[in-house]
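Presented below is the structure to which this report refers.
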Amino acid sequence: MDNTRFKRFFGALLTILGIIVILFACVAFLSDNEPVLGLFVTKWESIVPFLVGTVFLLSGISLVSNS
């Protein structure tokens, strides 16, 4: 596979994964001490997936725009 095509594919994959993780963090933040997808996540613990999703999203967008 061409290097540019690989960067675009990997960037799109990271972007989609980042959006999914950010949506999970938002749903976990809004749930009131109930399990989300089988996981018990408190409001303060939902900050971690939000930050990880933001890093994935920004790095994916950067890869797509630079290639």
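The values are calculated or read from the model by the stated rules, or taken from the named source; none is laboratory data. From a predicted model like this one, the values you see are computed outputs, not experimental measurements. So basically every Cβ, Gly included, is an ideal-geometry build from the backbone, and we count neighbours across all protein chains shown.
Before moving on, here are some points about what is shown:
- Scanning segment 43-67 for residues that are under 10 Å from the mean Cα position of the chain (by Cα) and touching a residue at least 60 places away in the same chain (Cβ under 8 Å) yields nothing.
- Residue count, segment 1-52 (criterion: among the basic types (K, R), assigned to a helix (DSSP H, G or I) and out of contact with any Ser or Thr (no Cβ under 7 Å at 6 or more places or on another chain)): 1
- Qualifying residues in segment 20-42 (those that are of a type in the set (A, V, I, L, M) and either at pLDDT 85 or above or under 30 Å from F6 (Cα atoms) (or both)) - the one farthest from the chain's Cα centre (by Cα): L30
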